[in-house]
Amino acid sequence: MTKDAKKVELASIHRSMIIVAIIDFPGTLLFGLGLYGVFAGFDDSFLPMLAHPMVINAMLVIGGSAMAWGMFRMVNLARQKQGLVQQ
């Protein structure tokens with residue numbers, strides 16, 4: 001692989017990593033808010049729908065799934081990047 005092709009591939013991997021991080025951010029927020037809802041609880045005066053356990057559990061599941069996908073994708077991209085750097 002030529003040096004220019006390697007740079008292009010590394011730039012593509014870096015761009016994909018940034019996109020995954022941006023997509024993963026809302027999942028992290030959902031998961032964090034779900035944990036807050038479990039341990040501290042939301043008041044009925046602040047967004048009453050967040051006080052329901054079913055909504056909190058859905059936030060945990062959706063946020064956790066998004067975070068797991070993001071972690072899986074980032075690990076794969078990091079392995080690809082490491083393989084290119086070692087060549």
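Key figures for this structure:
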item: Net lengthening on full extension, ILE22/VAL38 (0.36 nm per residue, minus Cα-Cα); result: 3.2 nm
item: Calculated over the range 26-86: convex hull of Cα atoms, volume per residue (Å³); result: 72 Å³
item: HN-Hα J in Hz across the range 58-74 - Karplus 6.51, -1.76, 1.60, θ = phi - 60°, x for Gly and Pro; result: 5, 4, 5, 5, 5, x, x, 5, 5, 5, 5, 4, x, 5, 4, 5, 5
item: Hz values of 3J(HN,Hα) by residue in the range 5-18 - Karplus curve (6.51, -1.76, 1.60), Gly and Pro given as x; result: 5, 5, 5, 5, 5, 5, 5, 5, 5, 4, 4, 5, 5, 5
item: The chain - accessible surface per residue (Å², probe 1.4 Å); result: 72 Å²
item: Helix-derived mean residue ellipticity, 222 nm - over the chain, DSSP H n ≥ 4, -39500 (n - 2.57), to 500; result: -30000 deg cm²/dmol
item: Extension reserve of the GLN82-MET49 stretch, reckoned as 0.36 nm per residue once the Cα distance is removed; result: 7.4 nm
item: Karplus-derived HN-Hα couplings along the range 39-49 (A = 6.51, B = -1.76, C = 1.60, θ = phi - 60°), whole Hz, x at Gly and Pro; result: 8, 9, x, 9, 6, 5, 6, 9, 6, x, 5
item: Fraction of accessible area attributable to carbon and sulfur, the chain (%, probe 1.4 Å); result: 70 percent
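The values are calculated or read from the model by the stated rules, or taken from the named source; none is laboratory data. Everything numeric in this text was worked out from a predicted model, so none of it was measured. The area values use the complete protein model at the heavy-atom level, side chains included, leaving out ligands, DNA and RNA. Shrake-Rupley method; radii C 1.70, N 1.55, O 1.52, S 1.80 Å.
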